[in-house]
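Shown next, in structure tokens, is the structure this report addresses.
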Amino acid sequence: MSIPDEIWQQAQMLRATIELHNYRYYALDAPTIPDAEYDKMFRELQALEQRYSQLVTPDSPTQRIGVAPLKEFPKIFHRTPMLSLGNAFTAEEVEAFDRRVRQTLGVESVEYAVEPKFDGLAVNLRYEKGVFVGGATRGDGYIGEDVTLNLRTVKSIPLHLHAGLSPDKPPALLEVRGEVLMLKVDFEKLNRQQLARNEREFINPRNAAAGSLRQLDPGITATRRLSFFAYGVGASEGGYVPGDKQSRVIDYLASLRFPVARECKVVSDAAALLKYHRDIQGVREHLPYDIDGTVYKVNDLVQQGKLGFVSRAPRFAVAHKFPAQEVVTELLGIDIQVGRTGTLTPVARLRPVFVGGATVTNATLHNEDEIRRKEVMIGDSVIVRRAGDVIPEIVAVNKEKRPREAKPFVMPGSCPVCGARAVRLLGETVTRCTGGLFCPAQRKQAVLHFASRRAMNIDGVGDKLVEQMVDNAIIRTPADLYKLGVTALANLGRMAEKSAGNVINAIEKSKSTTLARFIYGLGIRNVGETTAKELARYFGNLDRLMLADADGLQQVPDIGPVVAESIVDFFAERHNLEVVEQLRASGVRWEESAGIQQARASPDQTTISEVGKLSGKIFVLTGTLPNLSREDAKEKIELGGGKVVGSVSKKTHYVVAGADPGSKYDKAAELGITILDEAGLVQLLQDSQADLHPISRNS
Ligand code: IVH
């Protein structure tokens, strides 16, 4: 069907008007028409597009939300790296920055563009011929994640560029750099919803923004209101892009209808930088978004070019960070949390207080001795510190303000959850519940640990779900996870069948794992990830590990009597053996090997030299590999018997280098060490496997 001219024009008009009001509403926060009028226009456009499907283009305001959820985010290379900034914390450091800049440029004074430092996530938006074609997170600065579908749902990101200050057509390519964040009001709204839905609240707007932007289902992202602020340009080709000043770049971006910070200014000496910082600190609380400092950039882009970069940060810019925030509040009580291995941890319950961009209601007190050392009493007025994402802590107590009714803390003699005896062993700082896996708190933690990313890596099995499942007696042990059905989950009431299905799929997927992950997931006391890997490498199969005695275990590198005893104790417990057998019976499996122990015990077997192939070989990883994450590469090398260390020395056998390798690459070249790329590593691993003993699968 061909489109009548007047229909086409009508659609164009509606789009232009909707975009203008979008901009006024989402970018300027200054709407000029009632919502109902906007909605009416929007529906009109939708109706037209429904009748004439040729009208639908990807940059139409109706096309923000995609459909299908992704399996994972594709990785993309940034054409121009997204660098980070050096930090300054004190006036002296700022003055030193200014001095260095002037000295390097050989000038008396320098103009600076000053901006707030948004506390969100850096993204790169790509526009081709003025149309939004893709966007990615910063990642490591060189490789980020393609989050295009999610960025399309951010209403203040234009789907196509307004004519703006460009005298002619939009540039063939324009990369816009900026920050995705959640406004404080939207964050509070979201948390109220989370609470009402019995879902976990977000810690602060940045976490909420990150969690929302990194949703595989853009439908979910669309329900979270995210905002975007532009602060720079990455790559550009053709067309007009200001090339003289940072402040002009900001004006240009604003003219294209990108939101920019209202607090951008140009100043001209260190004293003015510091004044700007103080002024911003003064209004910080009233800003609509969280910031964690100010950014100073040499305004002249030619001067910027002359100053250049040191390693990964520009010499022409610096982030002046706010100090960690401290506030005073009241210690209302001390609760006891029961951990996975039964540790009782005292947690301070505080009168809610806003600090460092979040409302803090509790803080860790670590253990009994710590409470004694800080002389903390219930009812005290306490100083709480919160820096970035770190768990808030009690710095000190104001003893002068101690109320008369303040009470000392007493470690309970029994577990507050299951009532079993709580004991503190001689020489230990922690008190433990002796209830073992009869204690629901320990059971929950055991399941959570088993499902965690570095163990069995089961997506969707988090705090709330485990709590509900254990409380409703749907599961008791990690093994019960593999007996779950969609109905049982969906019956919990908080889950639609679809997400229940996703959880079941994730559980199913986790069945294929590695021995190291499995051992780690069991949650044996004193057996962390590294020890689990050592054990897997040494024994190669689970039965040999389970049968080993304390002496045998101490043959494993870095395992001493304490860890050995924990392992023996664990496998001596009938309950634990049952769980392990149930897990195997439900199909949890991994590749087994002869292990090193076996090889040593029977030197006549062919396996010994083969196992020796990578065993003892020392690897160093540098740069970003195209497919393998650093963790994956490490895991593969360790499975093959090799060891991964942090720095290159004469003892290094192989350096595995990816995109943008660091100085380790140069050092390796200098020392004549074999440098492998990812393909080379994979080949090496395959070669060393090929002539190994047959690989058995347990099931
Ligand atoms: S400019 C080459 N300006 O800070 C310099 N960054 O530590 C590129 N950030 O990843 C960054 N507000 O996420 C710049 N006004 C601002 C910023 C800003 C926040 C973040 C950005 C970047 C990090 C650098």
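What residue, of Gly282, Gly293, Gly342, Gly305, is within 16 Å of the ligand (Cβ to nearest atom) and more than 26 Å from the chain's Cα centre (by Cα)? I'd like the intermediate steps shown before the answer.
Numbers: Gly282 fails: within 16 Å of the ligand (Cβ to nearest atom); Gly293 fails: more than 26 Å from the chain's Cα centre (by Cα); Gly342 fails: within 16 Å of the ligand (Cβ to nearest atom).
Every option except Gly305 fails the conditions.
Tell me, please, whether a residue that is in contact with a Leu (Cβ under 7 Å, 6 or more places away or on another chain) and within 16 Å of the ligand (Cβ to nearest atom) can be found in the range 130-137.
yes
Can you say whether Phe187 is crowded, with 20+ Cβ neighbours inside 10 Å, assigned to a helix (DSSP H, G or I), more than 16 Å from the ligand (Cβ to nearest atom) and free of Cβ contacts under 8 Å to residues at least 40 places away in the same chain, as far as the supplied structure shows?
Details: crowded, with 20+ Cβ neighbours inside 10 Å: yes; assigned to a helix (DSSP H, G or I): yes; more than 16 Å from the ligand (Cβ to nearest atom): yes; free of Cβ contacts under 8 Å to residues at least 40 places away in the same chain: yes.
Spelling it out, Phe187 is indeed crowded, with 20+ Cβ neighbours inside 10 Å, assigned to a helix (DSSP H, G or I), more than 16 Å from the ligand (Cβ to nearest atom) and free of Cβ contacts under 8 Å to residues at least 40 places away in the same chain.
Is there a residue being part of a helix (DSSP H, G or I), over 20 Å from the mean Cα position of the chain (by Cα) and either within 16 Å of the ligand (Cβ to nearest atom) or not β-branched (Val, Ile, Thr) (or both) anywhere in the range 154-164?
no
From the set of residues in the range 81-114 that are within 16 Å of the ligand (Cβ to nearest atom) and hydroxyl-bearing (Ser, Thr, Tyr), which is nearest to Gly178 (Cα to Cα)?
Going through the qualifying residues, I end up with Ser84.
Could you list all residues from the range 209-252 that are among the aliphatic types (A, V, I, L, M), farther than 27 Å from Pro170 by Cα and either within 12 Å of the ligand (Cβ to nearest atom) or touching a Gly at 6+ places or on another chain (Cβ under 7 Å) (or both)?
Applying the first criterion (among the aliphatic types (A, V, I, L, M)) to the range 209-252 yields 209-210, 213, 216, 220, 222, 226, 230, 233, 235, 241, 249-250.
The next check asks that each one be farther than 27 Å from Pro170 by Cα; those that pass are 209-210, 213, 216, 220, 222.
Matches in the range 209-252: Ala209, Ala210.
Each row is one residue, and each column tells you yes or no for (1) closer than 27 Å to Arg262 by Cβ; (2) not charged (D, E, K, R).
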{"position": "Gly106", "(1), (2)": "no, yes"}
{"position": "Asp119", "(1), (2)": "yes, no"}
{"position": "Val131", "(1), (2)": "no, yes"}
{"position": "Gly135", "(1), (2)": "yes, yes"}
{"position": "Thr153", "(1), (2)": "yes, yes"}
{"position": "Ala172", "(1), (2)": "no, yes"}
{"position": "Arg177", "(1), (2)": "yes, no"}
{"position": "Val185", "(1), (2)": "yes, yes"}
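Please find, within the range 93-119, the residue that is surrounded by the most Cβ atoms within 10 Å (Cβ to Cβ) out of those that are over 17 Å from Val267 (Cα atoms) and under 30 Å from the mean Cα position of the chain (by Cα).
Ranking the qualifying residues of the range 93-119, first place goes to Phe118.
Right, Ile519: surrounded by 22 or more Cβ atoms within 10 Å (Cβ to Cβ), touching a Leu at 6+ places or on another chain (Cβ under 6 Å), closer than 15 Å to His449 by Cα and of a type outside the set (Phe, Trp, Tyr) or not?
Working: surrounded by 22 or more Cβ atoms within 10 Å (Cβ to Cβ): yes; touching a Leu at 6+ places or on another chain (Cβ under 6 Å): yes; closer than 15 Å to His449 by Cα: yes; of a type outside the set (Phe, Trp, Tyr): yes.
Against the criterion (surrounded by 22 or more Cβ atoms within 10 Å (Cβ to Cβ), touching a Leu at 6+ places or on another chain (Cβ under 6 Å), closer than 15 Å to His449 by Cα and of a type outside the set (Phe, Trp, Tyr)), Ile519 qualifies.
Scan the range 398-427 for residues that are farther than 30 Å from Phe438 by Cβ, in contact with a strand residue (DSSP E or B) (Cβ under 7 Å, 6 or more places away or on another chain) and touching a residue at least 24 places away in the same chain (Cβ under 8 Å) and jot them down. It would help to see each step written out before you state the result.
Taking the range 398-427 first, the residues farther than 30 Å from Phe438 by Cβ are 398-408.
From what's left, in contact with a strand residue (DSSP E or B) (Cβ under 7 Å, 6 or more places away or on another chain): 398, 401, 406-407.
Selection gives Asn398, Ala406, Lys407.
Could you say whether any residue in the range 64-72 is farther than 27 Å from Arg248 by Cα, within 16 Å of the ligand (Cβ to nearest atom) and either hydroxyl-bearing (Ser, Thr, Tyr) or out of contact with any His (no Cβ under 7 Å at 6 or more places or on another chain) (or both)?
Keep residues of the range 64-72 that are farther than 27 Å from Arg248 by Cα, which gives 64-72.
So of that shortlist, the ones also within 16 Å of the ligand (Cβ to nearest atom) come out as none.
No, because not a single residue in the range 64-72 is farther than 27 Å from Arg248 by Cα, within 16 Å of the ligand (Cβ to nearest atom) and either hydroxyl-bearing (Ser, Thr, Tyr) or out of contact with any His (no Cβ under 7 Å at 6 or more places or on another chain) (or both).
Condition test on Ile391, is it assigned to a helix (DSSP H, G or I) and either loosely packed, with under 15 Cβ neighbours inside 10 Å or among the hydrophobic types (A, V, I, L, M, F, W, C) (or both)? Before the answer, list the steps.
Details: assigned to a helix (DSSP H, G or I): no; either loosely packed, with under 15 Cβ neighbours inside 10 Å or among the hydrophobic types (A, V, I, L, M, F, W, C) (or both): yes.
It is false that Ile391 is assigned to a helix (DSSP H, G or I) and either loosely packed, with under 15 Cβ neighbours inside 10 Å or among the hydrophobic types (A, V, I, L, M, F, W, C) (or both).
Might you check whether a residue that is buried (at least 18 other Cβ atoms within 10 Å of the Cβ) and within 11 Å of the ligand (Cβ to nearest atom) occurs anywhere in the range 253-260?
yes
Please tell me if Glu467 is among the charged types (D, E, K, R), surrounded by fewer than 22 Cβ atoms within 10 Å (Cβ to Cβ) and at pLDDT 90 or above. Quick ask: steps written out before the conclusion?
Details: among the charged types (D, E, K, R): yes; surrounded by fewer than 22 Cβ atoms within 10 Å (Cβ to Cβ): yes; at pLDDT 90 or above: yes.
So Glu467 passes the test.
Considering only residues that are over 22 Å from Gly232 (Cβ atoms), in a loop (DSSP other than H, G, I, E, B) and more than 21 Å from the chain's Cα centre (by Cα), which ones fall in the range 72-92? Full working, then the answer.
Filtering the range 72-92 for residues over 22 Å from Gly232 (Cβ atoms) gives 72-75, 89-92.
Now drop any that are not in a loop (DSSP other than H, G, I, E, B), which leaves 72-74, 89-90.
Correct list: Phe89, Thr90.
If Leu151 satisfies every condition in (1) surrounded by fewer than 20 Cβ atoms within 10 Å (Cβ to Cβ); (2) within 16 Å of the ligand (Cβ to nearest atom); (3) part of a helix (DSSP H, G or I); (4) not acidic (Asp, Glu) but one, which is the exception?
(1)
Restricting to the range 357-381, count the residues that are out of contact with any helix residue (DSSP H, G or I) (no Cβ under 6 Å at 6 or more places or on another chain) and touching a residue at least 40 places away in the same chain (Cβ under 8 Å).
If we filter the range 357-381 for residues that are out of contact with any helix residue (DSSP H, G or I) (no Cβ under 6 Å at 6 or more places or on another chain), which is where we start, we get 357-364, 366-380.
Adding the requirement that they be touching a residue at least 40 places away in the same chain (Cβ under 8 Å) leaves 357-358, 367-369, 376-380.
Selection size over the range 357-381: 10.
Taking the range 167-183 as the region of interest, how many residues are within 16 Å of the ligand (Cβ to nearest atom) and either out of contact with any Gly (no Cβ under 7 Å at 6 or more places or on another chain) or not charged (D, E, K, R) (or both)? Don't jump to the end; show me each part of the working.
Going through the range 167-183, the residues within 16 Å of the ligand (Cβ to nearest atom) turn out to be 175-183.
Next cut, either out of contact with any Gly (no Cβ under 7 Å at 6 or more places or on another chain) or not charged (D, E, K, R) (or both) only: 176, 178, 180-183.
Qualifying residue count for the region: 6.
Could you pull out every one of the strands (runs of 3 or more DSSP E) wholly within the range 615-699 that has 2 or more residues that are modelled with pLDDT of 85 or more?
Working: elements: 618-622, 643-645, 654-657, 674-676.
Qualifying strands (runs of 3 or more DSSP E): 618-622, 643-645, 654-657.
Those residues that are surrounded by 20 or more Cβ atoms within 10 Å (Cβ to Cβ), at pLDDT 65 or above and among the small types (Gly, Ala, Ser), I need them from the range 574-614; list them, please.
Ser593, Ala594, Gly595
The values are calculated or read from the model by the stated rules, or taken from the named source; none is laboratory data. Just so it is clear, the model here is predicted, and its values are computed rather than measured. Cβ coordinates were reconstructed from backbone atoms using ideal geometry, including for glycine residues, and neighbour counts include every protein chain displayed.
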